[in-house]
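Where a number appears in this text, it was derived from the coordinates with a stated rule and is not lab data. Computed from a predicted structure; not experimentally measured. Heads up, the Cβs are rebuilt from the backbone with ideal geometry, glycines too, and the neighbour counts pull from every protein chain shown.
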Amino acid sequence: MILQAENLSIYLNQDDRLLISGFSFSLGKKDKAAVIGEEGNGKSTLLKVLYNPEETEDYVHFTGRIIRKGKLAYLPQFMEETEQAMGVSEYLSDTALYEQYDLIRSLGLEYDLLDSHRKIASLSGGEKIKLQLLKLLAGKPDALLLDEPSNDLDIDTLVFIETFIRECSVPVLFISHDETLISACANVIIHIEQLIRKTKSSITVSRLSYEEYLKYRNLQFDRQKEIALKERSEYKKKRERLQQLYEKARHNTSWRNPDGIPSTDGHARKSMQAIIVKGKRFEREKEDFTEIPDRETGIITRFDSTVVIPSQKRILDLNLPELAAGGNVLARNLSLSVVGPQHICIIGKNGAGKSTLLRIIWETLKDRTDITPAYMPQDYREVLDYDKTPAEFLMDSYDKETYTRAMSFMGTMKFTREEMAHKIGDLSGGQRAKIIFLGMVLKKADVLVLDEPTRNFSPLSAPVIRNALSEFGGTIISVSHDRKYLDETADVIYELTENGLSAVW
């Protein structure tokens, strides 16, 4: 045992809401434990508390015990801006690189990069992750805590991360929204749920693979629900029968008691009392009923089925002699034609310029009057005001009637009243993504420009998002590394390389 939690409960300081309840868990030497759950349920907070509770004191407090018997290394979801402003060699200045030959080779890093003054902010997502892993692993930790290591990675690097976690010689506790990665790596599932409008916290630890856990969870849910409903149905029938017998005893002197014995008027009162006693016994039986199970499911407001783009309507004809960013030419001779209602996706290595290309496409489409375009950038700040609450943002964006609908939709998307009053900047990435999706629905957008649309949704929400987008009657132009998204949503996939765009299928 390297890390252990004993009856750990975590509360938000802001409204004292219970985030994690009674969590007990031991991280063993061979564990690859995945933490899953819906957006805003406290996954990242749990990891931070387990690693260093002092760093979370300004926004949460906890009860219970945390026991560490080894050295932990923590990879945050977002790299600090101060670190990103460093040069690579400065960032690694306290790492004895000459002792790390095998590690550097296994991470696929080049010494030229490690000895360079390149700003970390200019590196690809994959290079940033590998540098952080190099620095962490050089310290010879006994366990790794990784918060979304698969974010912003191209498909090749995702495969690398899968192999790294699976073959890592130390235990790993990680959060990921990538279902393929969880399926490939995890042998323990830690599932955090917020039930009954986030008034009840539930956490389940299962030493199963992800697919086995989902099957077990669904089977247990269905069995418990069947038993609970059957008990209530039988109880209702018994109560109705007792009520009928009671009424007969009141009005019929020839009434027969529950044992079928004729009763005179004098005995009817005693029989009525017996029925009342029996009814009270039934009421006590209710206390032992099997609880009707509750479980958290991914919910997103669906697109209006009336939103459609006519077949073969010309949406985009883009021709770029070159694609450049930061003074560097990333690709040449790009050509892309899109018609309705195609769902296209662009893939490519980190740093190839996919987000830059998508931003150009958005600038080309945003002022068109013959379509209703909407944009989900990788940096949500481009479309959301982080200083506003969701309610303020929606009030400023829509008329009164639409605002009322929006607030109703947010309730169905599992926002509590307290969360609607929090600043958008204080919400989770998945909750911010839900607000953007809600805006697309309310706007009745028929052309969606999406940069990594599923990146911040949980493994339970992501299938709902993919299904909503696959059934969307408009046009989608997207960038994604989500392999399930590519399989289920994209009609056409293009790869961006330095030579332009080429159709993969």
Taking the convex hull of Cα positions in region 1-108, its mean projected area over all directions (nm²): 9.1
Fraction of antiparallel bridges per DSSP, the chain only, in percent to nearest 5: 50
Region 3-210: projected area of the alpha-carbon convex hull, averaged over directions, in nm²: 11.7
The chain: angle of helix 155-167 to the longest principal axis, Cα-based, in degrees nearest 10: 60
Inter-part distance where region 431-475 and region 1-72 are each reduced to a Cα centre, Å: 30
Rounded to 10°, Cα long-axis angle of helix 400-412 versus longest principal axis of the chain: 80
Rounded D (µm²/s) - region 62-163, Kirkwood Rh over Cα pairs, Stokes-Einstein at 10 °C, 1.306 mPa s: 109
Radius ratio Rg over Rh of the chain, counting only Cα atoms, Kirkwood formula for Rh: 1.09
Residue order, fewest to most surrounding Cβ atoms within 10 angstrom, among Leu133, Leu107: Leu107, Leu133
Full-extension gain in nm, Thr82 to Asn333, via 0.36 nm per residue minus C-alpha separation: 86.7 nm
Between 0 and 90°, nearest 10: helix 429-443 axis offset from the chain longest Cα axis: 80
Farthest toward positive dipole pole in region 3-210 [+1 Lys/Arg, -1 Asp/Glu at C-beta], among Thr95, Leu153, Ile66: Ile66
When the convex hull of its Cα atoms is projected in every direction, mean area for region 337-428 (nm²): 8.2
Gained length - Glu471 relative to Arg166, 0.36 nm times residue gap less alpha-carbon distance: 106.3 nm
Under 30 Å from Lys29, Cα to Cα: lysines that are on another chain or at least 8 residues apart: Lys43, Lys48, Lys69, Lys71, Lys128, Lys130, Lys135, Lys140, Lys215
Region 383-474: trypsin sites (Lys or Arg not before Pro) falling in loop per DSSP and having at most 15 other Cβ within 10 Å: Lys423, Lys444
Calculated Rg and Dmax of region 314-503 using C-alpha coordinates, Å: 17.0, 50
Residue order, fewest to most beta carbons within 10 Å, for Trp505, Trp362: Trp505, Trp362
Fewest-first sequence of Leu18, Leu323 by Cβ atoms within 10 Å of each Cβ: Leu18, Leu323
Relative pair counts by distance (%), Cα atoms of region 16-75, 10 Å bins: 17, 57, 25, 2
Size of electric dipole in the chain: Cβ of Lys, Arg +1 and of Asp, Glu -1, about Cα centre, debye, nearest 20: 3060
Distance in nm between pseudo-label sites at Glu226 and Leu113 (7 Å out along the Cβ direction from Cα): 5.3
